[in-house]
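Data block below; observations after.
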Amino acid sequence: MKRDYYEILSVGRDASNEEIKKAFRKIALDCHPDRRPGDREAEDRFKEAQQAYAVLSNPETRQRYDRYGFDGLRGQGGFEDFGARPFESLFQDIFDEFFGARGGRPGRPDARGRRGEDLLYSLRISFTEAFRGTEKEIPLTRNSTCPECRGHRAKAGSGEKTCSKCRGRGEVYLRQGFITVAQTCRQCRGRGKIVDEPCAHCRGSGRVPGEKKLTVKIPPGVDTGVRLRVEREGEGGIEGGEPGDLYLQLEVESHPLFQREGANLHLEVPLSFSQAAVGTDLEVPTPEGQEKVKIKPGVQTGDTVSLKGRGMPSLNGYERGSLYLHLLVETPANLTKRQKELLTEFDRIESEKSSGSKVQRFWEKVREIFQ
Ligand SMILES: [Zn+2]
Ligand SMILES: [Zn+2]
């Protein structure tokens, strides 16, 4: 029984060409005979993926396979007849990318070199730092372009010669039955060229490990999940390639009082029963300090006071978010005898008033219904 090609590559039937290529690249990297010499199982998986990719990467054979399954491919030549694309070309696009084997191949410029990898750094900052913006010094361990050979691997004055084993192609092709397996040339590691005399400083790798303390600016208004890019501070490039970028993955600590929601802040403000009834002046906390706020008489639990422009700064704009005060009226409990007397008196006066409160209207309605 043959396994379904989509299943072999672990992609959906609607996968794009790019996804198919990526999936194959992953398996190929993992199981390539060059990496796991002598591992029969890996070799079988590799061959299987190779077939699946050959069929699915060609729109014509993919369509035939989608419509008629394996029968659609049986054609004249059996499974090795995969239409127009020979295995060599198929390997060229895949392996070029992962071994960075640009050098020396006819028709392929090697001027751009190999770009350095991007780096990701997790950074935790306080709420206040996120509010004001901050500067952080972070210790980076990374490979930088070798200062001696400037990433070109060769000792000053020495040149490069075409690899004799692959004759500059960077890979060698081995025919195994139906299947041609492209192997990265071991002698030049896929570069097609060999350095005459390797640079002593980086031992011919083009890069040297190092540490650097980097100062980064964090703008005001960042939030957890924001990723900042610091250009050209990733790993160094080789053979003239650009350095990669550094990404800062931010985590902002929560505040003991404020609940943050984007640029807006929420704060629960408890009020005593009498404060809510009579109104009061409160000193409420804001991200910048205390601020006087007037609470008008008669507020209820659930009422909100919004302070415009007292929230967090927004990352890109000039406007600041709001600070919302959510009022919470506390019913007095554990009353003293005197308090009880006063409140009973209060209640008597309240029920004598002609204008109906919600409480009065409620009991009137109850009376109407049960009389
Ligand atoms: Zn070679
Ligand atoms: Zn060097």
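Only residues that are in a loop (DSSP other than H, G, I, E, B) and under 30 Å from residue 245 (Cα atoms) were counted in the stretch 143-158, giving 10.
Select from the stretch 189-222 the residues that are more than 35 Å from the chain's Cα centre (by Cα) and among the hydrophobic types (A, V, I, L, M, F, W, C) and write down the one among them that is nearest to residue 54 (Cα to Cα). Top of the filtered list is 194. For the stretch 1-54, residues that are assigned to a loop (DSSP other than H, G, I, E, B) and among the charged types (D, E, K, R) total 9.
The combined condition, being buried (at least 17 other Cβ atoms within 10 Å of the Cβ) and at pLDDT 95 or above, is not fulfilled by residue 320. Please specify each residue of the stretch 205-256 satisfying the condition of being β-branched (Val, Ile, Thr), surrounded by fewer than 16 Cβ atoms within 10 Å (Cβ to Cβ) and in a strand (DSSP E or B). The one that is β-branched (Val, Ile, Thr), surrounded by fewer than 16 Cβ atoms within 10 Å (Cβ to Cβ) and in a strand (DSSP E or B): 215. Against the condition exposed (fewer than 15 other Cβ atoms within 10 Å of the Cβ) and either more than 16 Å from ligand 2 (Cβ to nearest atom) or under 22 Å from the mean Cα position of the chain (by Cα) (or both), how does residue 128 come out, does it pass? So residue 128 fits the description; yes. One residue alone among 160, 137 is acidic (Asp, Glu) and crowded, with 16+ Cβ neighbours inside 10 Å, and that residue is 160.
Is it the case that the stretch 16-31 has a residue that's farther than 19 Å from residue 172 by Cβ and among the small types (Gly, Ala, Ser)? Within the stretch 16-31, one or more residues are farther than 19 Å from residue 172 by Cβ and among the small types (Gly, Ala, Ser).
Is at least one residue of the stretch 182-203 free of Cβ contacts under 8 Å to residues at least 24 places away in the same chain and either surrounded by fewer than 13 Cβ atoms within 10 Å (Cβ to Cβ) or within 16 Å of ligand 2 (Cβ to nearest atom) (or both)?
Of the stretch 182-203, the ones free of Cβ contacts under 8 Å to residues at least 24 places away in the same chain are 185, 203.
Remaining after also requiring either surrounded by fewer than 13 Cβ atoms within 10 Å (Cβ to Cβ) or within 16 Å of ligand 2 (Cβ to nearest atom) (or both): 203.
Yes: the stretch 182-203 contains one or more residues that are free of Cβ contacts under 8 Å to residues at least 24 places away in the same chain and either surrounded by fewer than 13 Cβ atoms within 10 Å (Cβ to Cβ) or within 16 Å of ligand 2 (Cβ to nearest atom) (or both).
In the set 335, 315, 342, only one residue is of a type in the set (A, V, I, L, M) and under 51 Å from the mean Cα position of the chain (by Cα); that residue is 315. For residue 165, which of the numbered conditions (1) surrounded by fewer than 20 Cβ atoms within 10 Å (Cβ to Cβ); (2) under 30 Å from residue 42 (Cβ atoms); (3) in contact (Cβ under 8 Å) with a residue 24 or more places away in the chain; (4) within 16 Å of ligand 1 (Cβ to nearest atom) fails to hold? So residue 165 meets the others, but not (3).
The values are calculated or read from the model by the stated rules, or taken from the named source; none is laboratory data. Note that the structure is predicted; figures quoted are calculated from it, not measured. Here the Cβ is made from the backbone with ideal geometry for all residues, glycine too, and neighbour counts use every protein chain on show.
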